[in-house]
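The values are calculated or read from the model by the stated rules, or taken from the named source; none is laboratory data. Being a predicted model, the structure only gives us computed values, none of them experimental. Cβ sites come from the backbone with ideal geometry, for glycine too, and all protein chains shown count toward neighbours. What goes into the accessible areas is simple: the full protein's heavy atoms, side chains included, and nothing from ligands, DNA or RNA. Shrake-Rupley method; radii C 1.70, N 1.55, O 1.52, S 1.80 Å.
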Amino acid sequence: LAHHLNNLGGVYHRMGRLEEAEPILIENLEMNQRMFAAEPHGSLSRAYMNLASLYADLGRNVESVRLMEEGYPVSVAALGAEHPRTALHLAATALARQRVGDSQGASEAIQTAYSVTLERGGAGDRTHERVVFFRGRIRMFQGDPGPALEDLNRWLAWNEEKFAEPHHSIAEARYWLGEAHLVEARPDLATPLLESSFEMYAGIFGPEHFGAERARESLARARREAP
């Protein structure tokens with residue numbers, strides 16, 4: 001039942017039905033906490049991460065980082081510090097730390113996750129490339145657009161190679177690359193990426209999806225800032 005709750009909550013999250021996803025993912029976490037109170041388990045760490053990711057998209061960053069921090073040692077105990085899923089959890093924790101202003105903690109965690117996944121999977125491995133994606137967003141939030149653009153371009157190219165358009169991962173990658181160009185003060189480069197992101201999100205999920213809404217807001221900003 002917990003497995004199905006996790007999947008159902010994840011589907012609602014991806015569809016942009018965030019308020020409906022929350023009680024399902026809370027129930028999933030509580031069920032896993034009861035089942036694995038006596039011993040750590042990967043399903044419990046995943047439940048922490050999925051609810052934390054939902055809270056990040058809801059803008060509830062303090063709750064998000066708390067859950068990420070609680071779930072990470074569970075993953076270490078259950079799977080090991082060098083397991084790819086543990087490293088991905090650490091990368092997500094790094095991003096959550098950055099969202100609450102802990103730049104040092106974010107930088108330290110993302111570097112560890114990068115090193116572990118590079119050693120375990122190598123460049124081109126999906127887990128490692130997702131860590132690069134998280135690193136790019138952290139660098140963008142830290143006001144370092146040059147390295148951020150390198151990471152985010154790499155993530156977009158990876159997704160464009162793996163998936164046919166339209167695809168939500170391509171829409172997400174174009175959105176964040178567009179955001180990085182806005183940080184770089186290049187609205188001319190941001191605009192086509194954000195236009196594509198909005199159109200793709202809206203086509204897949206509808207114009208009210210949270211991904212479409214944030215792409216639309218950033219697109220309006222890019223057009224305002226254009227010379």
Output the 0 to 90 degree angle, nearest 10, between the alpha-carbon long axis of helix 84-99 and the longest principal axis computed from the alpha carbons of the chain.
60 degrees
Magnitude of the charge dipole, region 1-155, Cβ model with Lys/Arg +1 and Asp/Glu -1, debye to 20:
240 debye
Just one of (1) 0.97; (2) 1.01; (3) 1.08 is Rg/Rh (Cα atoms, Kirkwood Rh) as worked out from the coordinates here. Which one is it?
(1)
State, as an integer percentage, the relative contact order of region 174-227 based on alpha-carbon contacts under 8 Å between residues 6 or more apart.
36 percent
What does the charge count near Q98 come to, summing +1 for each Lys or Arg and -1 for each Asp or Glu among other residues with Cβ under 12 Å from its Cβ?
+2
In Å², rounded to a whole number, the accessible area per residue of the chain with probe 1.4 Å is 46 Å²
With the contact rule set at Cα under 8 Å and sequence spacing of 6 or more, what percent relative contact order holds for region 115-227?
19 percent
Using the Karplus equation 6.51 cos²θ - 1.76 cosθ + 1.60 (θ = phi - 60°), what ³J(HN,Hα) coupling, rounded to whole Hz, does each residue of region 136-141 give in order, writing x for Gly and Pro?
x, 5, 4, 4, 5, 5
Give the residue from G136, H167, A190 lying farthest towards the positive end of the charge dipole for region 96-227; charges sit on Cβ (+1 for Lys and Arg, -1 for Asp and Glu) and the dipole is referred to the Cα centre.
G136
Calculate for the chain the 222 nm mean residue ellipticity that helices alone would give, adding -39,500 (n - 2.57) per DSSP H run of length 4 or more and normalising by residue count, nearest 500 deg cm²/dmol.
-27500 deg cm²/dmol
Over the chain, relative contact order from alpha-carbon pairs under 8 Å, at least 6 apart, %
12 percent
Can you tally the net charge around E179? Count Lys and Arg as +1, Asp and Glu as -1, for every other residue whose Cβ sits under 12 Å from the Cβ of E179.
+3
What ³J(HN,Hα) values, in whole Hz, does the Karplus curve 6.51 cos²θ - 1.76 cosθ + 1.60 give for region 107-112 when θ = phi - 60°, with x put for Gly and Pro?
5, 5, 5, 5, 5, 5
Please give me, ordered by residue number, the GluC sites (Glu not before Pro) of region 76-122 that lie in loop per DSSP and have at most 14 other Cβ atoms within 10 Å.
E82
Just name one of L18, V74, V116: the one whose Cα is farthest towards the positive end of the charge dipole of region 1-120 (beta-carbon charges, Lys/Arg +1, Asp/Glu -1).
V116
Working out 0.36 nm times the residue gap between L118 and I26, then minus their Cα-Cα distance, what length gain in nm do you get to one decimal?
29.9 nm
